[in-house]
Amino acid sequence: MEVIVKDNHNEMSKEAFRLFADGLTGARVLGFATGGTPRMLYELASEACSYGNISFRGKCSFNLDEYYPICRDDPESYWRYMYDNLFGRIDLESGKINFPHSMGSGQETTARYANLYKSLGPVDLQILGIGCNGHIGFNEPGSSRDSTIRIVRLSDDTIARNRPKTATAITMGIKEIMESRRIILIASGDDKGRAIRDAVKGRVTESVPASFLQEHGDVTIVLDRAAARML
Ligand code: GLP
């Protein structure tokens with residue numbers, strides 16, 4: 001794991017964008033995360049694309065997770081977030097965007113996304129955030145190393161923090177995340193300090209799903225000082 005520490009959130013975002021843009025040329029399949037952390041990274045990517053400095057043409061994408069069930073137009077949906085912050089602003093063809101939309105039952109929703117992943121995956125370049133309890137995607141503490149795309153129940157911590165309309169979600173599993181060829185994980189703010197310490201320096205355990213990343217060969221973690229405070 002390579003760890004890069006920047007002074008603040010803006011600098012962290014710029015560094016993450018630099019690494020993302022570097023990896024973009026050789027990547028066919030991109031993996032995206034949601035949350036407050038990657039917002040500026042997506043802003044920088046949208047801007048660079050509008051200036052013609054980078055392009056998403058010919059690539060395809062997978063998103064890590066989405067609440068389940070949720071309507072894609074719901075203002076709280078991760079689809080809405082991705083559309084507003086990135087997809088609506090870049091030249092990635094809409095037919096190339098693979099997203100874990102709610103499609104009927106949980107089983108149908110899972111099967112559809114798992115089949116898409118089977119035919120188009122794995123991800124070449126994955127952007128990841130981290131939850132304060134060490135979750136990645138919606139792989140909450142207790143998720144196993146071989147967990148795959150599935151419907152999960154959100155932890156009390158995540159419910160308290162995100163205040164979602166539903167307590168369930170669909171997520172890529174740890175297995176699919178670990179299959180990504182290259183991973184850029186970003187985190188900023190004091191409240192991520194403990195999760196970052198446990199993920200980077202703690203033992204590899206299901207209690208801290210991000211700790212599995214220690215066993216991946218190509219992970220770069222970009223932090224601001226606050227998130228790095230316990231390293
Ligand atoms: C959510 C998402 C994660 C994200 C995490 C951190 O629960 N499922 O994919 O990484 O929260 O979000 P934030 O960047 O807002 O702290």
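In table form, for the structure just shown:
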{"read-out": "Distance in nm between pseudo-label sites at Leu116 and Arg145 (7 Å out along the Cβ direction from Cα)", "value": "2.9"}
{"read-out": "Summed residue charge, Cβ within 10 Å of Lys175's Cβ, Lys/Arg positive, Asp/Glu negative", "value": "-2"}
{"read-out": "Under 9 Å, Cβ to Cβ, from Leu231 - net charge with Lys/Arg +1 and Asp/Glu -1", "value": "+3"}
{"read-out": "Packing-based exposure ordering (other Cβ within 10 Å, fewest first) of Ile183, Ile177", "value": "Ile183, Ile177"}
{"read-out": "DSSP bridge pairs, the chain: antiparallel proportion in percent, nearest 5", "value": "30"}
{"read-out": "Where a label projected 7 Å from the Cα of Asp156 along Cα→Cβ would reach, residues of the range 194-209 with amide N under 16 Å", "value": "none"}
{"read-out": "Sparse-neighbour loop sites [chymotrypsin sites (Phe, Trp or Tyr not before Pro); the range 14-120; at most 10 other C-beta within 10 Å; DSSP]", "value": "Tyr51"}
{"read-out": "Summed residue charge, Cβ within 12 Å of Gly217's Cβ, Lys/Arg positive, Asp/Glu negative", "value": "-2"}
{"read-out": "Relative contact order, percent, the range 2-224 [alpha-carbon distance under 8 Å, six or more residues apart]", "value": "26"}
{"read-out": "Fewest-first ranking of Lys192, Lys59, Lys201, using other Cβ atoms within 10 Å as the exposure measure", "value": "Lys201, Lys59, Lys192"}
{"read-out": "Gain upon complete extension [Glu179, Glu108; 0.36 nm per residue less C-alpha separation]", "value": "23.3 nm"}
{"read-out": "Cα-based reach from Lys118 at 22 Å (exclusive), listing lysines while leaving out same-chain residues under 8 positions away", "value": "Lys59, Lys96, Lys175"}
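Since every read-out is calculated from the coordinates, none of them should be taken as a lab result. Because the structure is a prediction, the values reported are computed rather than measured. Cβ sites come from the backbone with ideal geometry, for glycine too, and all protein chains shown count toward neighbours.
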